[in-house]
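A.B. asks: Before I ask anything, let me first share the structure, which is written out below as structure tokens.
The values are calculated or read from the model by the stated rules, or taken from the named source; none is laboratory data. Fair warning: this is a prediction, and the values are worked out from it, not measured in the lab. Positions of Cβ are generated from backbone atoms using ideal geometry, with glycine treated the same way; all protein chains shown enter the neighbour counts. For the accessible areas, the whole protein counts, side chains as well, though only heavy atoms, and no ligand, DNA or RNA atoms are used. Shrake-Rupley method; radii C 1.70, N 1.55, O 1.52, S 1.80 Å.
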Amino acid sequence: MIDQDSFWEEKLARPPFRGKRFTPEMMTKVELRVQRISRSRSVCPLPAAAMLILALGMLIILPVWISGHVMETSVPAGPQPGTEIEPPVDPAPFEPVIEPVKLELKEGDGGNLEFWKLLDADAYRGTDQTIIEFAKALMLRELGALSGQSVPADRLWEHVEDKKLLDRYDISSPWVQEVHIEQVIEQDGEVHYRLRLMLTDSTGSAFYETLRMNIAADTNLIREVQIIEDEDGDGHAEKPSNTESSSNNRIWHRDP
């Protein structure tokens with residue numbers, strides 16, 4: 001390892017380099033260089049300070065600008081001036097569907113063929129619909145009971161062969177002109193109807209008969225029928241006080 005003290009002592013003991021002297025020219029160059037450095041130091045500090053201030057300003061302003069831009073994009077724009085603001089639409093309240101109450105035939109209802117045709121059968125309960133269709137077929141003589149032929153009214157019967165009991169109503173005279181409801185009773189899964197029939201013949205005489213019908217409440221089909229005649233013998237019909245006392249009663253029951 002070189003001894004630093006002895007190295008420099010040997011260096012300093014050497015004679016100076018030949019021709020190396022600090023000449024006036026060298027002095028002039030040094031002075032010019034010192035002047036240039038002085039001028040540059042007197043001018044440069046101002047731009048450096050300005051750059052420092054600008055950098056500090058950017059550090060302060062840039063975060064504020066970024067946060068404001070983010071808030072502006074995140075908040076939805078409000079309505080434009082002059083635009084009409086529609087109020088919010090409230091959902092309609094839930095209303096349960098209520099089935100319409102079915103109509104029912106009552107005592108005293110009835111009339112001629114036109115009356116029964118004008119009734120809206122769909123608005124009535126099932127057994128009443130059967131009575132409405134039966135009454136129309138009865139007055140139109142379309143039961144098919146006399147010949148036993150298949151007719152639309154056959155769908156009203158639980159046992160279609162039972163319509164043969166009503167063959168008398170398929171003849172031309174006397175024929176049913178009006179059908180009225182005298183009584184309606186619900187009992188043991190059946191609805192019992194008592195129908196009052198008014199018939200006329202070619203002479204204009206009127207006759208009353210009572211027709212009893214039992215209709216199954218579950219199938220709305222005719223299950224049983226009874227015919228009760230009522231004649232006073234003089235050709236004019238009058239409603240008797242007790243129709244079951246007439247000697248001309250014709251009653252039918254299906255054997256169990």
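A.B. asks: Give the number of residues within region 135-176 that are among the aromatic types (Phe, Trp, Tyr) and within 24 Å of Gly204 (Cβ to Cβ). Steps first, answer last, please.
C.D. replies: Pass one, region 135-176, residues among the aromatic types (Phe, Trp, Tyr): 157, 169, 175.
Now restrict to residues that are within 24 Å of Gly204 (Cβ to Cβ): 169, 175.
Residues that pass the stated criteria total 2.
A.B. asks: Is it the case, given these coordinates, that Leu165 is touching a Phe, Trp or Tyr at 6+ places or on another chain (Cβ under 7 Å) and part of a loop (DSSP other than H, G, I, E, B)?
C.D. replies: Details: touching a Phe, Trp or Tyr at 6+ places or on another chain (Cβ under 7 Å): yes; part of a loop (DSSP other than H, G, I, E, B): no.
For Leu165, the condition - touching a Phe, Trp or Tyr at 6+ places or on another chain (Cβ under 7 Å) and part of a loop (DSSP other than H, G, I, E, B) - is not met.
A.B. asks: For residues in region 199-216 being in a strand (DSSP E or B) and farther than 26 Å from Glu158 by Cα, which is most open to solvent (accessible area, probe 1.4 Å)? Give the steps one after another, and end with the answer.
C.D. replies: Taking region 199-216 and keeping what is in a strand (DSSP E or B), we get 199-200, 206-216.
Still in the running and farther than 26 Å from Glu158 by Cα: 199-200, 206-208.
Details: Leu199: 6, Thr200: 26, Ala206: 27, Phe207: 45, Tyr208: 64 Å².
Checking each candidate, the answer is Tyr208.
A.B. asks: Another question, then. Suppose the filter is at pLDDT 95 or above, within 17 Å of Met213 (Cβ to Cβ) and open to solvent by 30 Å² or more (accessible area, probe 1.4 Å); does Glu133 pass it? I'd like the intermediate steps shown before the answer.
C.D. replies: Values: at pLDDT 95 or above: yes; within 17 Å of Met213 (Cβ to Cβ): yes; open to solvent by 30 Å² or more (accessible area, probe 1.4 Å): yes.
Judged against the criteria, Glu133 is a match.
A.B. asks: While we're on this one: Within region 186-214, track down each residue that is hydrophobic (A, V, I, L, M, F, W, C) and within 29 Å of Ser173 (Cβ to Cβ). Steps first, answer last, please.
C.D. replies: As a first pass, look at region 186-214 and keep what is hydrophobic (A, V, I, L, M, F, W, C): 191, 195, 197-199, 206-207, 211, 213.
Those that are hydrophobic (A, V, I, L, M, F, W, C) and within 29 Å of Ser173 (Cβ to Cβ): Leu195, Leu197, Met198, Leu199, Ala206, Phe207, Leu211, Met213.
A.B. asks: Considering only residues that are buried (at least 17 other Cβ atoms within 10 Å of the Cβ), under 47 Å from the mean Cα position of the chain (by Cα) and over 12 Å from Glu107 (Cβ atoms), which ones fall in region 160-191?
C.D. replies: Val160, Lys163, Glu178, Val179, Glu190, Val191
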